[in-house]
Amino acid sequence: MSTTTRSRLTGTERAEAAARVSQDYTAGSSIRATAESAGLSYGTTRKLLLETGTVLRSRGGNRGRKTGR
């Protein structure tokens, strides 16, 4: 299993990454898809979105609710 590490995002680089992920997410991409395209982890991407004040969408998909009750 190979792991890669990247340097910490700080300053201008962090601000640019935050703006980029915020733009992708508000355009409709999921956090996971946005993270993958930016080369970041899900957690870092979510943190950047929150730092920029981006309103996160609620979870999607079927979460086990049964219909027709």
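The values are calculated or read from the model by the stated rules, or taken from the named source; none is laboratory data. Here the structure is a predicted model, which means the values were calculated and not measured. All Cβ positions, even for glycine, are placed from backbone atoms using ideal geometry, and neighbour counts span all protein chains on display.
Can you pull out every residue in the stretch 8-50 that is surrounded by fewer than 16 Cβ atoms within 10 Å (Cβ to Cβ), under 20 Å from Gly60 (Cα atoms) and basic (Lys, Arg)? Correct list: Arg32, Lys47.
Taken together, Arg65, Arg6, Arg69, Arg57 contain a single residue that is within 12 Å of the chain's Cα centre (by Cα), at pLDDT below 95 and not hydroxyl-bearing (Ser, Thr, Tyr), which is Arg57. Residues in the stretch 19-37 that are within 9 Å of the chain's Cα centre (by Cα) and either under 20 Å from Arg6 (Cα atoms) or in contact (Cβ under 8 Å) with a residue 40 or more places away in the chain (or both): 7 in all.
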